[in-house]
Amino acid sequence: MALDEFLAELDQLAEAAAASFSQSSDTSSLESLRVQILGAKSGQLKSAQKGLGQMDPADKPLAGKHFNQTKKRIEEAYAAALERLETTSSTQEASCFDATEPGCRPRIGHLHPITQTIQELKDIFGRLGFSVVEGPEIEDERHNFDALNIDRSHPARDPLDNFYLASPSELVAAADGDDVIEGSLESPWLLRSQTSTVQIRVMEENPPPIRIVSLGRVYRPDTADATHYPMFHQIEGLLVDTDVTLADLKTVLRIFCSSYLGEDVHVRFRPSFFPFTEPSVEVDMQWGDGWVEMGGAGMVDPNVFRAVGYDPEQVTGFAFGLGVERLCARRFGITDIREFFKNDIRFLKQF
Ligand code: DAH
């Protein structure tokens, strides 16, 4: 290839490239031009470079130099075009920015309705002089049953009505592929089925007088329906002192109910039986034309005092346990407690 011809071809290429770069109106068309002209595999410059190989050896140094200059010219033209497009697009954006427009409000979450209810119940009982204590969710049979006067033959202890935890030997057997027969579990541990366990823990650790509430999760193998769920929350209360009567219990629960649900709520106490209270009552609240059961209560059974080393001749007390989901449902008119655990944002954001 003749030197003149080669040099002329390069000049033409550089001019055409500079013209197309300067005419391009957006960065994506500029980018396709760049690939077409400067592309490392099959760009126009790359094909022009092939002429260099066919050059007379004497002309090669000059041709090579001119090729490098041309490449530089084209690259500079590309860089200039890119800068032009980038600065115009950012000035356009800047001119659209309106500092007086309202901002986009970030979506801020909030506490779950059950957590909010728990906080409110703690507040109300705090004002009545009750302090808040916590208890473990994994319990032993002494705290869940024995010390609460629930003897071995009581149906509430049925392994099918509780979540017993597998013992280490049962886990080994299951891992070996042996069938672990339900109902034959030998584990002393279970997920607590009631918060009454905390009564025992508090009295074991503290002398009377006692005035506590404890709120938390409890577990029962119930099939979920509108009023049941295998995990739910209870609020447990315990007051131990001298000369405590059922009238004190009824007064505290009435004050609580009207604080939480409003002055006009009707509360009904129905005679009942719990192994750990004597006498025992069921606590109902009016809802529409009917009544809903909120939980149980009663005067602490002397056997419970004996189990924790208190003298039933010296002290008396009352206890109660209410369902937190039911209280919250009653307050907001929720008819299916499964709503609380579906995590449907449309339900939750109403609280
Ligand atoms: N623990 C009972 C239950 O889960 C509720 C209950 C009844 C709690 C009577 C009490 C009580 O403290 O005195 O069904």
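Numerical summary
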read-out: Percentage relative contact order, the chain, counting C-alpha pairs under 8 Å, at least six apart; value: 14 percent
read-out: Computed over region 226-289: relative contact order in percent, which uses C-alpha pairs under 8 Å that are six or more apart; value: 20 percent
read-out: From phi via Karplus (6.51, -1.76, 1.60), per-residue ³J(HN,Hα) for region 205-215 in Hz, x at Gly/Pro; value: 9, 10, x, x, x, 10, 8, 10, 10, 9, 10
read-out: Rg/Rg_ref, region 1-138, where Rg_ref = 2.2 N^0.38 Å and atoms are Cα; value: 2.38
read-out: Sites ASP161 and ARG217, calculated FRET efficiency, Cβ-Cβ separation with R0 22 Å, nearest 0.05; value: 0.85
read-out: Per-residue [θ]222 nm for the chain (sum of -39500 (n - 2.57) over DSSP H runs n ≥ 4, rounded to 500); value: -13500 deg cm²/dmol
read-out: Folded to 0 to 90 degrees: helix 60-96 orientation relative to the chain principal axis, Cα; value: 40 degrees
read-out: Cα-based Lys pair tally, the chain, threshold under 19 Å, eight or more apart or on separate chains; value: 14
read-out: For region 309-351: span of alpha carbons on each principal axis (Å, largest first); value: 54, 19, 16
read-out: Cα Rg over Rh - region 272-351, Kirkwood; value: 1.17
read-out: Between region 317-351 and region 190-252, the alpha-carbon center distance in angstrom; value: 18 Å
read-out: Computed over region 100-166, the ratio Rg/Rh where both radii use C-alpha atoms and Rh is Kirkwood; value: 1.28
read-out: Of SER29, SER167, SER131, the one that fluctuates the most in a GNM where the chain has Cα springs shorter than 10 Å; value: SER29
read-out: Candidates GLN54, GLN194, GLN119, ranked by Gaussian network fluctuation over the chain, Cα under 10 Å, top entry; value: GLN54
read-out: Alpha-carbon radius of gyration plus Dmax, which is the widest Cα pair, for region 45-114 in Å; value: 27.4, 90
read-out: Cα extents of region 115-246 along the three principal axes, largest first (Å); value: 55, 34, 23
read-out: Principal-axis tilt of helix 3-23 within the chain, Cα atoms, nearest 10 degrees; value: 40 degrees
read-out: Per principal axis, descending, Cα span of region 219-259 in whole Å; value: 41, 22, 13
read-out: Charged-residue dipole, Cβ positions (Lys, Arg, Asp, Glu), the chain about Cα centre, Debye nearest 20; value: 1140 debye
read-out: Alpha carbon convex hull of the chain, volume per residue in cubic angstrom; value: 296 Å³
read-out: Rg in Å to one decimal, and Dmax rounded to a whole Å, for region 210-351 via C-alpha atoms; value: 16.5, 55
read-out: Backbone HN-Hα couplings from phi across region 146-152 [Karplus 6.51/-1.76/1.60, Hz, Gly and Pro as x]; value: 3, 5, 8, 6, 9, 7, 4
read-out: Positive dipole terminus of region 60-156, leading residue within GLN119, ILE138, PHE97 (C-beta point charges); value: PHE97
read-out: Modelled FRET efficiency - R0 45 Å, ALA247 with SER169, Cβ distances, 0.05 increments; value: 0.30
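Read-outs: derived from the displayed coordinates by stated rules, not from any lab. Note that the structure is a prediction, hence the values are computed from the model and not measured. Backbone-built Cβ (ideal geometry, glycine too); neighbour counts: all protein chains shown.
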